[in-house]
1. Kindly provide the set of residues from the stretch 257-285 that are in contact (Cβ under 8 Å) with a residue 60 or more places away in the chain and touching a helix residue (DSSP H, G or I) at 6+ places or on another chain (Cβ under 7 Å), ordered by number.
2. For the stretch 197-214, check the following and say yes or no: at least one residue is within 24 Å of the chain's Cα centre (by Cα), crowded, with 17+ Cβ neighbours inside 10 Å and assigned by TED's automatic domain parsing to the domain that holds residue 173.
3. Would you please name the residue that is modelled with the highest pLDDT, looking only at residues in the stretch 222-236 that are touching a helix residue (DSSP H, G or I) at 6+ places or on another chain (Cβ under 8 Å) and within 14 Å of residue 340 (Cβ to Cβ)?
4. Could you go through the stretch 328-346 and let me know if any residue there is more than 18 Å from the chain's Cα centre (by Cα), in contact (Cβ under 8 Å) with a residue 24 or more places away in the chain and surrounded by fewer than 23 Cβ atoms within 10 Å (Cβ to Cβ).
5. Scan the stretch 197-229 residue by residue and report those that are touching a strand residue (DSSP E or B) at 6+ places or on another chain (Cβ under 7 Å) and under 30 Å from residue 129 (Cα atoms).
6. Which ones in the stretch 295-317 are closer than 15 Å to residue 131 by Cα and either assigned to a strand (DSSP E or B) or modelled with pLDDT under 95 (or both)?
7. Across the stretch 317-327, what is the number of residues that are touching a strand residue (DSSP E or B) at 6+ places or on another chain (Cβ under 9 Å) and in contact (Cβ under 8 Å) with a residue 40 or more places away in the chain?
8. Quick one: residue 152 ticks every box in (1) free of Cβ contacts under 8 Å to residues at least 12 places away in the same chain; (2) over 19 Å from residue 235 (Cα atoms); (3) out of contact with any strand residue (DSSP E or B) (no Cβ under 6 Å at 6 or more places or on another chain) except a single one, so which number is it?
């Protein structure tokens, strides 16, 4: 994934379970026949209500799975006996591997243990509502059966299957949305594609015209993704460069008309050239959580790795703890964002077990506490005490306020500074136990049991009369930072 620093992704849901597991001719048969035009004219203005309706599922979801999987999982971070620094999916550029040599890895790419249904069930059981997978990363290798050329998983490998087709069917079966990451600027295999960090190193194979690359590779493949795999919910572009002119970006954006209602991120074109036409629907902070989120009205999603790499590296065992991952999810939700958490499968098609273990633990927590994450909006507190975070849901008569308590008070008294609303009920989400509350000069105090229901984060539920009313931060409060 990433440039210095950039992420990726996109979201697509649907596919019929009757699709054949192996296709023998051409690209995957058309599952949907969108009638929308693909002309490159600028999009018409969208009303706030229409935008809210289009973004509704995404705002409800809060948690998704990012999958970085490709032929780079074959070298797995090592080339010619040397461990190559930095992230696994950038090994071709970082090791300056010649185009023909890198293409040779495709002959070794045979992910016979790939099980689309197992992957989707894992995401579902982890509490993830959508999947975003790399359809084509910067190495130019297509993880689907494209008609553009033979550098794809069906034609160039012994596997002879289209994993995106299989994932589409599995996502349809289990009710998980599916999407695709597509690297529209960087392509180290096809002539004319961009290479950052020093430019082309295999010039005879890589040099060419960028506009021709867009017209002959990127645009046709994007259209394939938007027509052959059912409804596409979100498209994640990545690593925009100055070569992407507004005119070329307009052609790529025009293809999105094949999928009415699609959501796209802010990485189609460099920020300086975006204006309002190309700013996309979502901000994409990478490997970080903004201290205060983004201004109201701007949707955002943090993408992050579980260890230190996006694409699989055999020797990267620096896995974040379940506590860290869960508190990241809560922190992001408390600031109004989504969490797109990455897994990097092996060349055999296996998601590493340490990643599986952490996702299962997150799913167990969400089964108890999911109401405090899904469909919530940002905390009403401009600052929070050090004990944790808060999320909320507005109701017809008031609001539900969820207090995520990371540090259980030893004296059994949870201070909620600045909250002025009348409280109609206070409970523990895990048990339903009623809790006593007391109004104070500083806000509210909630009396808690001696033991926290969960060692990582326990949820206190406050039902408020009216919309949340919170005083200015007290001197004892601290700004919410990433846990």
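1. 258, 259, 261, 263, 264, 268, 281, listed by residue number.
2. Taking every residue of the stretch 197-214 in turn, none turns out to be within 24 Å of the chain's Cα centre (by Cα), crowded, with 17+ Cβ neighbours inside 10 Å and assigned by TED's automatic domain parsing to the domain that holds residue 173.
3. Out of the qualifying residues, it is 235.
4. Within the stretch 328-346, one or more residues are more than 18 Å from the chain's Cα centre (by Cα), in contact (Cβ under 8 Å) with a residue 24 or more places away in the chain and surrounded by fewer than 23 Cβ atoms within 10 Å (Cβ to Cβ).
5. 221, 222, 225, 226, 229
6. 301, 302, 303, 304, 305
7. Qualifying residue count, the stretch 317-327: 1.
8. The number of the failed condition is (3).
The values are calculated or read from the model by the stated rules, or taken from the named source; none is laboratory data. Please read all numbers here as calculations on a predicted model, not as lab measurements. Quick reminder, even Gly has a Cβ in these numbers, built from the backbone with ideal geometry, and neighbours come from all protein chains shown.
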